[in-house]
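Shown next, in structure tokens, is the structure this report addresses.
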Amino acid sequence: MGITRSPFYQLPIGNKMDNGQQITAKQRVALVIQYLGTHFHGWQRQKSDRTVQEEIEKVLSAILNQHVTLHGAGRTDAGVHAAAQVAHFDHNSSIPADKWAAILNTQLPKDILILASAAVDSHWHARFSASWRRYRYTIYTDLQPNLFLRPFAWHYYYAPLDESLMQAALNPLIGHHDLAAFHRANSGRSHSKVQVQEVECYRRGPLIHIEIQADGFLYGMVRLLVGLLVQVGRGDRSESNFTSLWVHQKRSEVKYAAPPQGLCLLRVGYPEFPFAKEIWFDNQPKFVFC
């Protein structure tokens, strides 16, 4: 399915019965959203900084002439991208659910794109119905800088990185663990327990990709984890030491977070999802080096 764009489109809000009574039945709409995080202070609405949630809510509220709250599957940090974030909102207009992507794309800023929209049941929730989230972190290891990679990768050329060591260090993370060592302060989460489902570290030319899938993520978790993992890749920290550090929750030894531009929310998984796989599964392009 392709992305449809059309001129601004709006239908009257609500419908009227023969007796003039307004019908206000709520509809729930799910969105698949891409955004370039470079100029956003994260997903979540804030008092003064520009955020993705706020930008989309402003457009929705203007179209519907009432305040609209957008619920996201997860909260990305400042500067972090999303290839297929998922969100939902409720409305009582007569605008068909599958038209919302085209409508919003005519009004949203250029660094946000709605890939698709669809109707979902009232019990379906972008955050609470999700089974997992998957993030990808990209490291560019060549000595030569590349302007086209700068917004989407950490240019790490200070020492060679061994992706096989990094993969070996990641493997013990599979399972249900308390990952307080990778939990930044100022989080509203009451605990640090995470069910890690898949981990993967692989190289494509000068690019190293690290992918982590879990039922949920702690505030700052992936960037702190990658910051420590590069120490394993360059041989400054052993795989066993990496594991011991998070097993024993030694947060004080995790001092450096990888920069945000290398991180992308790749996709979100649901038992019930109204979108075709090609829309949401792997929408972050990978650079190919010959």
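Okay, here's what the table says:
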item	result
Of residues in the range 27-67 being among the basic types (Lys, Arg) and within 17 Å of residue 114 (Cα to Cα), the one least open to solvent (accessible area, probe 1.4 Å)	28
Selection count, the range 245-254, where residues are open to solvent by 30 Å² or more (accessible area, probe 1.4 Å), on the phi < 0 side of the Ramachandran plot and not in a helix (DSSP H, G or I)	2
Pairs, first in contact (Cβ under 8 Å) with a residue 40 or more places away in the chain in the range 155-166, second assigned to a helix (DSSP H, G or I), C-beta under 6 Å, six or more apart	161/233; 162/233; 165/232; 165/233; 166/229; 166/232; 166/233
Residue in the range 255-273 that is farthest from residue 149 (Cα to Cα), counting only those that are in a loop (DSSP other than H, G, I, E, B) and charged (D, E, K, R)	272
Only one of 173, 224, 265 that is touching a residue at least 24 places away in the same chain (Cβ under 8 Å), closer than 25 Å to residue 84 by Cα and touching a helix residue (DSSP H, G or I) at 6+ places or on another chain (Cβ under 6 Å)	224
Tally, over the range 161-180, of residues that are surrounded by 16 or more Cβ atoms within 10 Å (Cβ to Cβ) and either at pLDDT below 95 or not in a loop (DSSP other than H, G, I, E, B) (or both)	11
Residue check for residue 143: farther than 30 Å from residue 215 by Cβ, in contact (Cβ under 8 Å) with a residue 12 or more places away in the chain and open to solvent by 50 Å² or more (accessible area, probe 1.4 Å)	yes
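One line per residue, one yes/no per condition, for (1) crowded, with 19+ Cβ neighbours inside 10 Å; (2) of a type outside the set (S, T, N, Q); (3) more than 17 Å from the chain's Cα centre (by Cα):
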| site | (1), (2), (3) |
| --- | --- |
| 199 | yes, yes, no |
| 204 | no, yes, yes |
| 222 | yes, yes, no |
| 233 | yes, yes, yes |
| 239 | no, yes, yes |
| 243 | no, no, yes |
| 271 | no, yes, yes |
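The values are calculated or read from the model by the stated rules, or taken from the named source; none is laboratory data. The structure displayed is predicted, hence computed values, not measured ones. A quick note on method: Cβ atoms are made from the backbone with ideal geometry, for glycine too, and the neighbour counts reach across all protein chains shown. Keep in mind that these areas ignore ligands, DNA and RNA; they rest on the heavy atoms of the full protein, side chains included. Shrake-Rupley method; radii C 1.70, N 1.55, O 1.52, S 1.80 Å.
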